[in-house]
Amino acid sequence: MGLNPFSADARRRRLAKKAPPGPLRDYLETPFPDPGTPVDQAPILAIDFETTGLNPEQDHLLSVGHVEIVHGRVELATARHQVVLSHRPLAGENVSIHGITDDQVADGEPLERILPGLLQALSGKVLLAHHAAVETGFLKAICLRLYGVAPLFPVIDTLQIARRTLEQRNQPYQSRDLRLFNLRQELGLPAYQAHNALCDAIATAELFLAQVAASGGRRAPPLKNFLTRT
């Protein structure tokens, strides 16, 4: 039986042929995890970006944090945090939220150096984020700018999982109920330092594992139960 031309794997292969030799092609040539894999066996990379805003066409990336989930556990030894080089002055309201200063971004790493390592860390894994449209939107825009191709990512979004759970229960909610901090509190997870990319990535990883545990069942459900359409 041939490959479904509309499947994520088929789209990944088509994009790999368009990408120039280098980090993005290497990422796209690596198969995605099988959607039928038990979720506690699926390789996952929790990611968080701190940015100057939500529009990847106008705003810019300030810092990147990520950590792996391996066999259903957050592996802190894999944690990574990088500040992105920028010579553009930061607005005061942004600094008060994420705490990143002009001096820090002036000493940061250029995106051209950060992105290859991030794509390598993502290879063969599912991208996990809270409100993942931010991370995928910036990643696609940056890859398009640097490599000429916007890639595809298998994605789990903890915000979408929470929303779907509430809607299935016919439980009313407000947008603040879907914030990372509030969802962690609802599931009995400890408070954390918000608006730091690595702390938020770890917090998202922990939230996801709590969401999986709360979904019930003696066996781990398949990965496909948690994937978000992108």
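The values are calculated or read from the model by the stated rules, or taken from the named source; none is laboratory data. From a predicted model like this one, the values you see are computed outputs, not experimental measurements. Cβ coordinates were reconstructed from backbone atoms using ideal geometry, including for glycine residues, and neighbour counts include every protein chain displayed.
Of the residues in the stretch 14-33, at least one is under 30 Å from residue 194 (Cβ atoms) and touching a helix residue (DSSP H, G or I) at 6+ places or on another chain (Cβ under 8 Å). The residue list 204, 165 contains one member that is in a helix (DSSP H, G or I), in contact with a strand residue (DSSP E or B) (Cβ under 9 Å, 6 or more places away or on another chain) and hydroxyl-bearing (Ser, Thr, Tyr), which is 204. Residue 7 falls short of the stated requirement of being more than 20 Å from the chain's Cα centre (by Cα), over 30 Å from residue 225 (Cβ atoms) and modelled with pLDDT under 95. What's the total number of residues in the stretch 151-177 that are within 21 Å of the chain's Cα centre (by Cα) and free of Cβ contacts under 8 Å to residues at least 40 places away in the same chain? Total satisfying the criteria: 6. Given the condition in contact (Cβ under 8 Å) with a residue 12 or more places away in the chain and assigned to a strand (DSSP E or B), answer yes or no: does some residue in the stretch 5-21 qualify? No, because not a single residue in the stretch 5-21 is in contact (Cβ under 8 Å) with a residue 12 or more places away in the chain and assigned to a strand (DSSP E or B).
Just one of the listed residues (131, 195) is within 25 Å of residue 40 (Cα to Cα), in a loop (DSSP other than H, G, I, E, B) and in contact with a strand residue (DSSP E or B) (Cβ under 8 Å, 6 or more places away or on another chain), and it is 131. The condition (being at positive phi and not β-branched (Val, Ile, Thr)) is satisfied by just one residue among 60, 71, 66: 71. For the subset of the stretch 187-212 comprising residues that are surrounded by 13 or more Cβ atoms within 10 Å (Cβ to Cβ) and modelled with pLDDT under 95, which member is farthest from residue 82 (Cα to Cα)? Ranking the qualifying residues of the stretch 187-212, first place goes to 192.
The test for being closer than 30 Å to residue 218 by Cα, at pLDDT 95 or above and of a type outside the set (Ser, Thr, Tyr) holds for residue 77. Residue-level check: of (1) of a type in the set (Gly, Ala, Ser); (2) out of contact with any His (no Cβ under 9 Å at 6 or more places or on another chain); (3) over 17 Å from residue 146 (Cβ atoms), residue 63 misses just (2). Against the test of being assigned to a loop (DSSP other than H, G, I, E, B) and either out of contact with any Asp or Glu (no Cβ under 6 Å at 6 or more places or on another chain) or free of Cβ contacts under 8 Å to residues at least 24 places away in the same chain (or both), the options 142, 100 yield a single qualifying residue, 100. State the number of residues belonging to the stretch 138-162 that are of a type outside the set (Ser, Thr, Tyr) and farther than 28 Å from residue 214 by Cβ. The number of residues fulfilling the criteria is 14.
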